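The values are calculated or read from the model by the stated rules, or taken from the named source; none is laboratory data. Note that the coordinates shown come from a computational prediction; the quantities given were computed from them, not determined experimentally. Backbone-built Cβ (ideal geometry, glycine too); neighbour counts: all protein chains shown. What goes into the accessible areas is simple: the full protein's heavy atoms, side chains included, and nothing from ligands, DNA or RNA. Shrake-Rupley method; radii C 1.70, N 1.55, O 1.52, S 1.80 Å.
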Amino acid sequence: MDNKPTTAEEFARLANNFYMANGQASDYNRIISDSHLINYILTEKSKLKKYKVAFLWICLNPQYWEYAKDMMEGARKFFLPGHQTDFFLWSDMPPENNYGATVFPTEPVEWPLPTLMRYSLFLQQEEKLKEYDYLFYCDVDMKFVGIVGDEILGEGLTAAQHPMYAIRKEFIAPTEPNPKSTAYMDLPKYYFAGGFQGGKTADFIKAMKVMKKNIDVDFTKNYMARWNDESHWNKYLHDNPPYIVLSPSYIYPDSLIKEYYEKLWGCSYVPKLVTLTKKFSTSAEGGAAVTKMINTL
Ligand code: UDP
């Protein structure tokens with residue numbers, strides 16, 4: 001194939017032929033945009049570097065199993081297309097339900113241990129994980145709905161802003177308030193969600209080691225931080241700011257009431273990774289509290 005950029009006129013002619021032959025609308029504005037895109041692709045393609053990425057996830061206890069299939073299908077389609085991604089799953093699901101991931105069989109434990117023990121579980125595979133350029137963790141009860149691409153790859157850690165606290169200064173981030181916890185901290189500039197996190201392998205392994213140690217220290221005091229692993233992630237990022245701060249597009253609640261959030265955000269975020277409402281964790285009281293909050297605005 002001749003990789004030389006085409007002229008706009010040549011491109012318009014070919015694109016029109018293509019759309020007409022396929023019975024699609026031959027829209028002039030789309031063709032102009034396509035012509036910029038094709039030239040961009042032709043000039044950038046040779047510069048692309050393909051990274052080895054490990055996608056880490058946990059699925060313990062039967063009520064979480066139902067999320068696994070959609071999570072894997074969505075991740076295979078939308079997560080870092082064009083890179084080499086391997087999936088590592090810590091789970092107690094029957095082996096036929098592993099959806100092609102490499103599984104580390106894990107005993108089920110009660111909430112909040114499945115989430116709080118994540119760094120401890122991942123670090124058991126440290127040597128394997130070191131073979132990768134990047135590591136990313138994602139909650140199983142989330143759904144990929146758009147491309148999560150090269151924008152998440154930086155020179156350090158990648159963290160996603162929690163949608164609830166990315167809106168107004170008056171919405172005070174729920175950081176750990178107890179000085180006895182290693183996660184105790186001042187109010188941060190950003191409050192990050194624990195559901196999607198990662199970064200360059202060396203940086204994420206370093207972060208996981210510190211967080212695991214801090215969680216263990218809290219355990220010796222018989223204490224668990226307010227928001228479990230999320231509190232420790234925020235404390236770590238407070239001391240070691242992330243290289244990439246992602247918008248709430250990457251932690252976009254499925255229960256989001258657009259009329260409410262978009263007014264407060266002052267913009268709309270395009271959902272890429274959506275957090276799913278769990279049947280077993282919603283309550284009538286929770287729904288009533290949200291309604292009250294909206295009505296008092
Ligand atoms: N998790 C699990 N089994 C459990 C509880 C949690 O596998 O019994 C894992 C699962 O990957 C889940 C993550 O821990 O997505 C975080 O837990 P959860 O989503 O319940 O926390 P939330 O985001 O609702 O605070």
**Item:** trypsin sites (Lys or Arg not before Pro) within segment 48-120: DSSP coil, no more than 11 neighbouring Cβ in 10 Å
**Value:** Lys49, Lys50
**Request:** Using a/c under 1.5 as the rounded threshold, could you call segment 2-73 rounded, prolate or oblate? The axes a ≥ b ≥ c are square roots of the C-alpha gyration tensor eigenvalues, and prolate needs a/b larger than b/c, oblate otherwise.
**Result:** oblate
**Asked** Based solely on its DSSP helices, what 222 nm [θ] is calculated for the chain when runs of n ≥ 4 H residues each add -39,500 (n - 2.57) and the sum is averaged over all residues, nearest 500 deg cm²/dmol?
**Response** -11000 deg cm²/dmol
**Fill in**
Two pseudo-spin positions, 7 Å from Cα along C-beta at Lys206 and at Gln24, lie apart in nanometres by 4.6
**Prompt:** So how much slack lies between Asn97 and Asn222, counting 0.36 nm per residue of separation and subtracting their Cα-Cα distance, in nm?
**Reply:** 41.5 nm
**HN-Hα J in Hz across segment 20-33 - Karplus 6.51, -1.76, 1.60, θ = phi - 60°, x for Gly and Pro** = 5, 5, 9, x, 10, 5, 9, 8, 4, 5, 5, 5, 4, 5
**Item:** Lys258 paired with Val109, simple spin-label distance in nm, labels 7 Å along Cα-to-beta-carbon
**Value:** 4.1
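Order Glu127, Glu151, Glu110, Glu73, most accessible first, counting only protein heavy atoms with a 1.4 angstrom probe.
Heavy-atom accessible area, descending, gives Glu110, Glu127, Glu73, Glu151.
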**Request:** Compute the long axis of helix 228-239 from its Cα atoms, compare it with the longest principal axis of the Cα atoms of the chain, and write down the angle in degrees, 0 to 90, nearest 10.
**Result:** 70
**Request:** At most 10 other Cβ atoms within 10 Å and a DSSP loop assignment: could you name the chymotrypsin sites (Phe, Trp or Tyr not before Pro) in segment 110-179 that fit?
**Result:** none
**Request:** Rounded to the nearest Å, what's the spacing between the alpha carbon centres of segment 1-64 and segment 109-131? Just the number, please.
**Result:** 37
**Fill in**
With Cα coordinates, the longest principal axis of the chain makes an angle with the long axis of helix 284-295, in degrees rounded to 10, of 60
**Item:** Area accessible to solvent at Cys59, 1.4 Å probe radius, in Å²
**Value:** 0
**Fill in**
Placing each pseudo-label 7 Å from Cα in the direction of the beta carbon, Thr6 and Ile172 end up separated by a distance in nanometres of 6.0
**Fill in**
With every protein chain kept in place and a 1.4 Å probe, the residues Val270, Val210 fall, from largest accessible area down, as Val270, Val210
**Complete:** Scalar couplings 3J(HN,Hα) for segment 219-224 by Karplus 6.51 cos²θ - 1.76 cosθ + 1.60 (θ = phi - 60°), nearest whole Hz, x for Gly and Pro, are 4, 5, 9, 6, 10, 10
**Request:** Would you please give the residues with an amide H less than 5 Å from that of Ile251, counting only those at least 5 places away or on a separate chain, with H modeled from the backbone geometry?
**Result:** Leu273
